[in-house]
Amino acid sequence: MVNSTPAAERLDRILTLELARVTEAAAVAAARLRGHGDEKMADQAAVDAMRTELNNLPIDGRVVIGEGERDEAPMLYIGEEVGTKSGSAVDIALDPLEGTTICAKNQPNSIAVIAIAERGNLLYAPDVYMDKIAIGPGFEPRLIDINKTATQNLEALANAKGVKVSDLTACIMDRPRHARLIEEVRNTGAAIRLIGDGDVAGIIHTTDPEMTGIDIYIGIGGAPEGVLAAAALRCIGGQMQGRLILDTPEKVERARKMGVTDPNKAYTMEEMAKGDVIFSATGVTDGNMLDGVRFGRGMITTHTVVMRSSSRTVREIKATHHDLEKFGKH
Ligand code: VTB
């Protein structure tokens with residue numbers, strides 16, 4: 001799989017480090033407001049910081065997964081053009097603060113996240129729900145299948161791992177809509193890690209069960225977050241499928257306008273994020289894989305994972321920042 005993307009279609013790799021700067025800036029801005037109980041303020045700070053950094057990048061960028069439609073989001077809205085316009089034409093999926101509620105409560109796993117791909121390579125997902133299932137790397141293709149039951153998927157995974165279903169842990173968002181799913185999974189004997197928010201992190205956590213204790217992600221979350229998670233898994237490896245939940249004629253129409261012709265389609269992660277993809281996430285609050293931002297005397301430290309699908313390089317960057325001016329006023 002490595003380097004299956006033709007050289008001509010690979011993104012300029014210098015952008016990998018540039019993207020780390022973008023999520024670092026958003027994470028620091030949000031972290032200043034973590035635990036303050038104000039989701040909107042933390043989100044706004046992250047959006048401002050991310051936008052400023054993005055506009056310094058040598059790209060001809062267009063936001064395709066962003067803060068919302070133009071009329072509801074003044075910044076980083078879907079369709080906004082960002083960057084200096086001097087470099088490659090790229091599409092961008094972003095969430096300056098994924099897990100706003102977790103950040104406001106200073107609970108684990110809120111992150112600043114971004115993914116870029118060549119124009120047209122990210123799914124233009126409307127802001128609806130998406131049913132998702134994901135596991136980490138190292139399994140035969142199509143081991144999991146969104147059309148099968150959770151029980152069948154857990155059994156297939158347990159078989160492939162050579163463990164009992166009761167040895168597995170499934171990550172599921174704690175929502176009333178998941179009551180039946182939770183009951184089904186508990187009946188299999190598998191453990192559940194219930195999370196309050198942040199399913200991009202939840203899905204990424206399946207890629208390293210040793211570290212995170214999570215083997216599989218199942219359930220319904222935001223479609224935009226689904227595309228971001230798919231982009232991450234394209235880089236680290238793993239399997240993911242997603243199906244948009246278009247349960248009203250209005251949503252079907254909204255999706256159709258964005259190019260979705262089959263409202264029942266189950267997307268593979270390759271269909272959600274094609275070609276060369278670069279992904280970066282910086283921890284805002286402490287998490288299972290990423291540490292949160294630390295404010296010290298005259299310095300700030302950040303923890304970022306940045307990766308690129310064509311080379312499958314995964315870099316963790318622990319950065320110590322002394323140029324605090326760059327991160328705005330304290
Ligand atoms: C998820 C999760 C987000 O929204 O996609 C979720 O990743 C959507 O479901 O962190 P709800 O409407 O039930 O919250 C978040 O929780 C918040 O954007």
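The table below lists the values:
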item: Test: residue 48 is open to solvent by 10 Å² or more (accessible area, probe 1.4 Å), among the acidic types (Asp, Glu), within 13 Å of the ligand (Cβ to nearest atom) and in contact (Cβ under 8 Å) with a residue 24 or more places away in the chain; result: no
item: Qualifying helices (runs of 4 or more DSSP H) (wholly inside the range 213-330; at least 3 residues being open to solvent by less than 20 Å² (accessible area, probe 1.4 Å)); result: 223-236
item: Inter-residue pairs, beta-carbon under 6 Å, first in the same structural domain as residue 94 (by TED's automatic domain parsing) and over 14 Å from residue 243 (Cβ atoms) and in the range 212-230, second among the polar types (S, T, N, Q) and more than 9 Å from the ligand (Cβ to nearest atom), 6+ apart; result: none
item: Residue count for the range 183-212, restricted to those that are crowded, with 19+ Cβ neighbours inside 10 Å, of a type in the set (A, V, I, L, M, F, W, C) and in a helix (DSSP H, G or I); result: 5
item: Cβ-Cβ under 9 Å pairs, at least 6 apart or on other chains, the range 291-320 side over 19 Å from residue 234 (Cα atoms) and in contact (Cβ under 8 Å) with a residue 12 or more places away in the chain, far side hydroxyl-bearing (Ser, Thr, Tyr) and part of a loop (DSSP other than H, G, I, E, B); result: 292/110; 292/285; 293/285
item: The range 174-211, residues that are under 24 Å from residue 113 (Cβ atoms), in contact with a Leu (Cβ under 6 Å, 6 or more places away or on another chain) and of a type outside the set (A, V, I, L, M, F, W, C); result: 174
item: Some residue of the range 191-203 being touching a residue at least 12 places away in the same chain (Cβ under 8 Å), more than 16 Å from the ligand (Cβ to nearest atom) and out of contact with any Lys or Arg (no Cβ under 9 Å at 6 or more places or on another chain); result: yes
item: Residues being more than 15 Å from the ligand (Cβ to nearest atom) and either open to solvent by 50 Å² or more (accessible area, probe 1.4 Å) or modelled with pLDDT under 95 (or both) - total across the range 107-140; result: 7
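Matching residues to (1) in contact with a Ser or Thr (Cβ under 8 Å, 6 or more places away or on another chain); (2) within 15 Å of the ligand (Cβ to nearest atom):
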position: 228; (1), (2): no, yes
position: 237; (1), (2): yes, no
position: 247; (1), (2): no, yes
position: 251; (1), (2): no, yes
position: 256; (1), (2): no, no
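The values are calculated or read from the model by the stated rules, or taken from the named source; none is laboratory data. All figures in this text were calculated on a predicted structure; none of them were measured in a lab. Note that each Cβ is placed from the backbone with ideal geometry, even for glycine, and that neighbours are counted across all protein chains shown. The area values use the complete protein model at the heavy-atom level, side chains included, leaving out ligands, DNA and RNA. Shrake-Rupley method; radii C 1.70, N 1.55, O 1.52, S 1.80 Å.
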